[in-house]
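Some notes on the structure that comes next.
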Amino acid sequence: MSDNTWSGRFAEPVSDLVKRYTASVFFDQRMAAQDIRGSLAHARMLARQRIISPSDLADIERGMARIAGEIERGEFAWSLDAEDVHLNIEKRLTALIGDAGKRLHTGRSRNDQVATDIRLWLRDAIDAIGELLRDYQAALLDLAEQHADTPMPGFTHLQVAQPVTFGHHLLAYVEMAQRDRERMTDVRRRINRLPLGAAALAGTTFPIDRDFVARELGFEAVCENSLDAVSDRDFAIEFCAAASLLMMHVSRFSEELILWMSPRVGFIDLADRFCTGSSIMPQKKNPDVPELARGKTGRVVGHLMGLITLMKGQPLAYNKDNQEDKEPLFDTADTVIDTLRIFTDMVAGIQVKATAMAAALKQGYATATDLADYLVKKGLPFRDAHEAVARAVRAAETKGCDLADLSLEELRGFSAFIGDDVGAVLTVAGSLAARDHVGGTAPARVRAAIARARQRP
């Protein structure tokens, strides 16, 4: 068998440089398991439709089992001359079983073959990512439960705004991860369509049964249009978009971890195994993992932009440009999978410095909004209440104290509506407990939210 599928058309061999430039085998070989699965399903369909003989099918199944073992054991000799994973496997199959190996490609093209392999591979990757997202959420929920009533400042503009609990803060990332899971599930549904049977672009003259192959491979349906089936990679782009959003959420969390770990803030400490030191400053403990996660987010977003750019200029149907879809797609999946594994472990090792969090709440008049709400409930119009509290904050700032440290007489100087019960309003615990509704920061509501999150499918 020739090292390629088309040499009879050409009068001279491809140059070595062009071989290296066009070959994909050294990165698409990671789809070998999916290629074998797809080929076996295709062979069974061919035999079922009496396009090949039962003995051919038996030989193909025997040969593919041996090849799968060789690949698994690292014994398979990948050839640059054979260009890609598909031809490498077909060439080895033919060497093992003879003409039956040459009949395997009946009724298909590498165009629909690779489109099928990518969908199979990506479907497996999404399933793995879904499980890892679930593990990541579980780690966040465990830490949130430990700190359902640990107060910390909630920030806007990086300024102390209102008290929340650390558990409530972590639940925000649980919700982000939940939407990431939902997006991956939704993308998987559109990926799960079978291109095989589209052949090069127009279908095939052989009496194939695409629905049978779809069932064999676990696809929900077949691609309805042969041109579209082999030429579009929107499903890969959509996966990269979902992955970019996932990594964006991780990057936001990373920003906070880096900030919280700074000695100027000192809210948390990360386990040593996720940090490094300095080559010159012996005191340093650098949050390398979250910093790298920010960088890898840019990498994943870059892959998304690259794939969109790759696809946008292509006419129908298949073009060699499409070969460039695999490396960014593989790297995106690898990056997401590694990131989630690491972050799940890292979250479990976060040490919370509750004293520092509590101290920070005294630096920005975090209960000022609670005082304004108190005055409104007493009958003062909100705008007047806002003004009264603003003056009280200015007075406390001048004295260098918190609102709670002002005397009752001083507070009444800003509004006659302030009564003896104001003290409870100005405490952090009171502020937290007052937000007693679904989605609020009250510790009981945080624990209820954790319980609901654990019950989600």
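The values are calculated or read from the model by the stated rules, or taken from the named source; none is laboratory data. Keep in mind the model is a prediction, meaning the values are calculated, not measured. Cβ placement follows ideal geometry from the backbone for every residue including glycine, while neighbour counts extend to all protein chains displayed.
Remarks
- Within segment 291-312, at least one residue is more than 30 Å from D234 (Cα to Cα) and either modelled with pLDDT of 95 or more or touching a Cys at 6+ places or on another chain (Cβ under 9 Å) (or both).
- Segment 249-261, residues that are in contact with a helix residue (DSSP H, G or I) (Cβ under 6 Å, 6 or more places away or on another chain) and among the aliphatic types (A, V, I, L, M): V250, L257, I258
- Test: residue in segment 15-32 that is within 30 Å of T205 (Cβ to Cβ), of a type in the set (G, A, S) and at pLDDT 95 or above: yes
- Going through (1) within 38 Å of the chain's Cα centre (by Cα); (2) closer than 19 Å to A161 by Cβ one by one, R456 falls short only on (2).
- All of R273, R264 fail the test of being modelled with pLDDT under 95 and under 28 Å from H157 (Cα atoms), apart from R264.
Residues checked against (1) closer than 30 Å to V222 by Cβ; (2) modelled with pLDDT under 95:
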position: T150; (1), (2): no, no
position: Q159; (1), (2): no, yes
position: P163; (1), (2): no, no
position: G167; (1), (2): no, no
position: V174; (1), (2): no, no
position: Q178; (1), (2): no, no
position: T185; (1), (2): yes, no
position: R189; (1), (2): yes, no
position: L194; (1), (2): yes, no
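- Total residues in segment 142-151 satisfying the condition of being surrounded by fewer than 23 Cβ atoms within 10 Å (Cβ to Cβ) and assigned to a helix (DSSP H, G or I): the figure is 4.
- Number of residues in segment 310-345 that are assigned to a loop (DSSP other than H, G, I, E, B), hydroxyl-bearing (S, T, Y) and either without any contact (Cβ under 8 Å) to a residue 12 or more places away in the chain or surrounded by fewer than 19 Cβ atoms within 10 Å (Cβ to Cβ) (or both) equals 0.
- Residue within segment 438-447 that is at pLDDT 95 or above, under 43 Å from the mean Cα position of the chain (by Cα), exposed (fewer than 14 other Cβ atoms within 10 Å of the Cβ) and not β-branched (V, I, T) present: yes
- Number of residues in segment 349-388 that are basic (K, R) and within 38 Å of the chain's Cα centre (by Cα) equals 2.
- Check on V164, touching a strand residue (DSSP E or B) at 6+ places or on another chain (Cβ under 9 Å), touching a residue at least 12 places away in the same chain (Cβ under 8 Å), surrounded by 24 or more Cβ atoms within 10 Å (Cβ to Cβ) and not in a helix (DSSP H, G or I): yes
- Candidates L257, L227, L246 - the one that is assigned to a helix (DSSP H, G or I), among the hydrophobic types (A, V, I, L, M, F, W, C) and farther than 30 Å from V347 by Cα: L227
- Filter result for I52 (touching a Gly at 6+ places or on another chain (Cβ under 8 Å), at pLDDT 95 or above and either of a type in the set (K, R) or farther than 26 Å from E324 by Cα (or both)): no
- Residue in segment 266-288 that is over 30 Å from T150 (Cα atoms) and of a type in the set (S, T, N, Q) present: yes
- Any chance A449 is within 20 Å of E145 (Cβ to Cβ), out of contact with any Leu (no Cβ under 9 Å at 6 or more places or on another chain) and of a type in the set (A, V, I, L, M, F, W, C): no
- Scanning segment 72-82 finds no residues that are touching a Leu at 6+ places or on another chain (Cβ under 7 Å) and either crowded, with 18+ Cβ neighbours inside 10 Å or not in a helix (DSSP H, G or I) (or both).
- Restricting G130, G101, G74 to residues that are in contact with an Asp or Glu (Cβ under 7 Å, 6 or more places away or on another chain) and either modelled with pLDDT under 95 or not assigned by TED's automatic domain parsing to the domain that holds D370 (or both) narrows the list to G101.
- Counted as qualifying within segment 354-457 are the helices (runs of 4 or more DSSP H) with 2 or more residues that are farther than 30 Å from L257 by Cα, namely 368-377, 382-399, 408-412, 422-425.
- Complete set of residues in segment 278-295 that are closer than 21 Å to A348 by Cα and not in a helix (DSSP H, G or I): K285, N286, P287
- Checking V18 against (1) out of contact with any Gly (no Cβ under 7 Å at 6 or more places or on another chain); (2) touching a residue at least 24 places away in the same chain (Cβ under 8 Å), the condition it does not meet: (2)
- Filtered residues of segment 172-204 (kept if in contact (Cβ under 8 Å) with a residue 40 or more places away in the chain and more than 30 Å from R252 (Cα to Cα)): N192, R193, L194, P195, L196, G197, A198, A199, A200, L201, T204
- When A139, A115 are checked against the criterion of being in a helix (DSSP H, G or I), modelled with pLDDT of 95 or more and crowded, with 22+ Cβ neighbours inside 10 Å, A115 stands alone in meeting it.
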